[in-house]
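*Asks:* Below is one structure. I have some questions about it.
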Amino acid sequence: MISVRNHLLPLSGNKWLLFFSAALILGACSPKVRPVSTPVKKVEKPEPKPVEKPPVKPTAKVSVISMILPMGLDHVRPRNYSGAGLSQANMSIEYYQGFKLALDSLAAQGANFKLQLFDSKDDASAAHSLAYNPQIRTSDLVVGPVYPDGMKLFTSTMGTRTAILSPLSPASPATIRNNNLITVIPPLEYHAVGAAQYINDKLKPKKIFILRSGFSQENDYVVNFKKATDSLSNKKVKIVSVIITRGKLSGLLPQLSKTERNVFVIPATDQSFLGVTLRSLDTLNKNYPVVLFGHPSWEKFSFLKTDILQRLKTHITSSDKVNYKQEGTIAFLHSYRKVYHVEPTDYAIKGFDEGMYFGRQLLEGNKDMAAIDKTDFTGIHNGFHFVKKPGLGWVNTHVNILMYSNFELKQVE
């Protein structure tokens, strides 16, 4: 059973009709004859056996989940929303619907949830004020706020009494610093670690070239990639990090191999830098075999040329890859369309995965989420492998490795 505060959609119930049939009475007639007296035997009727009542299943304890999303309900009408505000409201509704569908599925298995929905209004101070709400403070799980600024203020007031799920942001938990925080979208540093792990295990290179644009935002990826590579290879892999200007790669030629794969890593996201550098790398690939690893944001960049990426055997890490041919995905799509009469978005899929995983944790009595670092999960959009970080809470470190093949990204691990 699920009790929901501030329903977004009307709920419907089932009516059951009971029918009873009448008894059929049989009679018979016989000719009139002189009655013959015979002794009447007393027939003792057996005492009816008491009807055994089926055992009553104990009602599952109600698990209270408070969800804090940027609904912007004070705008009342869609025409009063700005473009950004309407986008946030749509994101919130889609995530809520996916999460609730998961709880409905668990309720059919005997779980009992109370889902409370609160509007953060995309305002950090409003999120901070919600931390004083007693309905939220006594919850078994808090989902949200969504954005890092609001989450930082919210957790500073909530303390560490309740598990707090950061549902959609990949922001590093080091910017929030709460021991009960659950970061479900892997931060960038774990994409770097995932790439280093795959390169070390599968490609086993002696040397890795990191091509940089010089922008400081690449540092987080580069530092964590180097650290992971040194740890995994016991510092046996040489890392050559260079800043590339106007796509000039000639200075690297003496260090390249014409027979073995040359592994390149490009942590850049700047469009002009990528356009020039990838074309130069494509030319280099004609004489020096290249395997390239790119930034996870590349998956969303329409300006990248798929044919070049494919020739360069480009890999990227991803925390958001849906296989629409899997049986579980097909079942989810069917249920979502049946309930909401629309196609699910990425936010709805994330909401469903997170609702299933954390709803199950509450169903199994893991109220403080202390065991999630021992419970992995394969969802529709990504897997969950949580690691407990002192002072930072739990962080999902699982990323997928994708590769361009047949002009599309396919999962290789």
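The values are calculated or read from the model by the stated rules, or taken from the named source; none is laboratory data. Please read all numbers here as calculations on a predicted model, not as lab measurements. In this analysis, Cβ positions are derived from the backbone assuming ideal geometry, glycine residues included, and neighbour counts consider all displayed protein chains. The accessibility values were calculated without ligands, DNA or RNA, using every heavy atom of the protein model including side chains. Shrake-Rupley method; radii C 1.70, N 1.55, O 1.52, S 1.80 Å.
*Asks:* Could you tell me the center-to-center distance, by alpha carbons, between segment 127-185 and segment 242-302 in angstrom?
*Replies:* Going from one Cα centre to the other spans 40 Å.
*Asks:* Using a 1.4 Å probe over the heavy atoms of the protein chains, calculate the carbon and sulfur portion of the accessible area of segment 127-192 as a whole percent. Present the calculation step by step, with values, prior to reporting the outcome.
*Replies:* Numbers: 1230 of 2280 Å².
Carbon and sulfur together cover 54 percent of it.
*Asks:* Place a point 7 Å from Cα of V412 in the direction of its Cβ. Which residues in segment 248-264 have their backbone N less than 13 Å from it?
*Replies:* 261-264
*Asks:* Set the Förster radius R0 to 30 Å, insert the Cβ-Cβ distance between K286 and Q326 as r into 1/(1 + (r/R0)^6), and round the FRET efficiency to 0.05.
*Replies:* Values: r = 38 Å, r/R0 = 1.27.
Once the sixth-power term is evaluated, E becomes 0.20.
*Asks:* What is the packing order of peptides 165-173, 240-248, 272-280, taking the mean over residues of other C-beta atoms within 10 Å and listing the highest first? Spell out each step's value before the answer.
*Replies:* Numbers: 165-173: 20.8, 240-248: 13.1, 272-280: 17.1.
Most protected by this proxy first, the peptides run 165-173, 272-280, 240-248.
*Asks:* When the accessible area of segment 234-333 is split by element with a 1.4 Å probe, what percent falls to carbon and sulfur? Before the final figure, lay out the partial values.
*Replies:* On the way: 2610 of 5420 Å².
Carbon with sulfur: 48 percent of the solvent-accessible area.
*Asks:* What do you get for GluC sites (Glu not before Pro) in segment 231-335 restricted to DSSP loop and a cutoff of at most 13 other Cβ within 10 Å of the site's Cβ? Display every interim value, and only then the final one.
*Replies:* Details: sites: E260, E299, E327; in loops: E260.
The qualifying sites are E260.
*Asks:* I've got another one for you. Which of the chymotrypsin sites (Phe, Trp or Tyr not before Pro) found in segment 85-141 are in a DSSP loop and have at most 14 neighbouring Cβ atoms, other than their own, within 10 Å?
*Replies:* On the way: sites: Y95, Y96, F99, F113, F118, Y132; in loops: Y132.
Of the chymotrypsin sites (Phe, Trp or Tyr not before Pro), the ones in loops of segment 85-141 whose Cβ has at most 14 other Cβ atoms within 10 Å are Y132.
*Asks:* Quick one: accessible area per residue over segment 204-293, 1.4 Å probe, rounded to a whole number of Å²?
*Replies:* Numbers: 4870 Å² over 90 residues.
With all protein chains present, segment 204-293 gives 54 Å² per residue.
*Asks:* Go through segment 323-364 and name the chymotrypsin sites (Phe, Trp or Tyr not before Pro) that are in a DSSP coil and have 15 or fewer other Cβ atoms within 10 Å of their Cβ. Each step should come with its number before you reach the end.
*Replies:* Details: sites: Y324, F332, Y336, Y340, Y347, F352, Y357, F358; in loops: Y324.
For chymotrypsin sites (Phe, Trp or Tyr not before Pro) across segment 323-364 that sit outside H, G, I, E and B with at most 15 neighbouring Cβ atoms in 10 Å, the list reads Y324.
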